[in-house]
1. How large, in percent, is the carbon and sulfur part of the accessible surface of the chain at a probe radius of 1.4 Å?
2. In 10 Å bins starting at zero, report the fraction of Cα pairs in the chain per bin as a rounded %.
3. With the other protein chains left in place, how much accessible area per residue, in square angstrom, belongs to the range 112-227 at a 1.4 angstrom probe?
4. Looking only at GluC sites (Glu not before Pro) in DSSP loops with at most 14 other Cβ atoms within 10 Å, what is the longest site-free stretch of the chain?
5. Please compute the per residue accessible area over the range 47-103 with all protein chains in place, 1.4 Å probe, rounded to a whole number of Å².
6. For the range 3-107, compute Rh as the Kirkwood radius over C-alpha pairs and then the Stokes-Einstein diffusion coefficient at 20 °C and 1.002 mPa s; write the answer in µm²/s, rounded to an integer.
7. Please compute the modelled spin-label separation between Thr51 and Ala99, points set 7 Å along Cα→Cβ, answer in nm with one decimal.
8. Of Ala26, Ala118, His72, which is farthest along the charge dipole of the chain in the positive direction, counting Lys and Arg as +1 and Asp and Glu as -1 at C-beta?
Amino acid sequence: MTVHFIGAGPGAVDLLTIRARDLLAASPVCLYAGSLVPPEMLELCPPGARTVDTALMTLAEIVEEMVRAHEHGLDVARLASGDPSVFSAMAEQMRRLDAAGVPYDVTPGVPAYAAAAAALRRELTVPTVAQTVTLTRIAARATPMPESESLATAQGTIVLHLAVHRIDEVVKELVPIHGSDCPAAVVAHASREHEIVLRGRLDDIAHAVREAGIQRTAVVIVGRALAAEQFPDSHLYSDARCRS
């Protein structure tokens, strides 16, 4: 049988893809991070499904659940918040499944940064303002950042995951490069009923985060595209292109 890595999206159940919904409904075992996946999403699982909250489990324990289900001929839905391709720890699980001979596939989901941009009603790539989006985080006590990657090298629109609890450090690193007046935003629980949207600049966003009490489950976005108003239309729908 198969382990299905499924992008659970930013949280709203109706942002699940149809494929994700169908796989959930057909999988008798579901592994999910209770701190990130809303309980109502589990209602899509089939009656009697085994649901396992992995929030406090080790990697070995999680993989053991998958292997055990495979040995019993049961499909597994492995829910990952956002899209599995970014900060999901999917690679290390796949490596162990390969070693155990367990087949798997991947279903993409709506990434958190896309839901955050939607909440802000902003495009992250604006002509002549920003054409690059950097998805990153900051070094933490857990996994260090590669030596060649840092906020000092990030350009265009910067999207930080797993960083809101260290917002002061983010500001300290970005102000010398982008200026204290650079637009910044924080979106917590994007797409959920209790979504929080903060808009500001690098010189005041940390204060806004503290005032709102945001400590986790948030995306930090920094860049001039967030407030861009004076910019040329893109070539995509230009008169010259349409006539050619």
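1. Numbers: 6790 of 13070 Å².
Ligands and nucleic acids excluded, carbon and sulfur give 52 percent.
2. 7, 28, 29, 22, 11, 2, 0
3. Values: 6040 Å² over 116 residues.
I get 52 Å² per residue for this part.
4. On the way: sites that count: Glu147, Glu149, Glu193, Glu229.
Looking at the chain, 1-146 is the longest stretch - no exposed GluC sites (Glu not before Pro) with at most 14 other Cβ atoms within 10 Å.
5. Details: 3070 Å² over 57 residues.
Per residue, the range 47-103 has 54 Å² of solvent-accessible surface.
6. Working: Rh = 13.4 Å.
D = 159 µm²/s.
7. 3.1
8. Value computed over the given set: Ala118.
The values are calculated or read from the model by the stated rules, or taken from the named source; none is laboratory data. All values derive from a computational prediction rather than experimental measurement. All Cβ positions, even for glycine, are placed from backbone atoms using ideal geometry, and neighbour counts span all protein chains on display. Note: accessible area is taken over every heavy atom of the protein model, side chains too, but ligands, DNA and RNA are not part of it. Shrake-Rupley method; radii C 1.70, N 1.55, O 1.52, S 1.80 Å.
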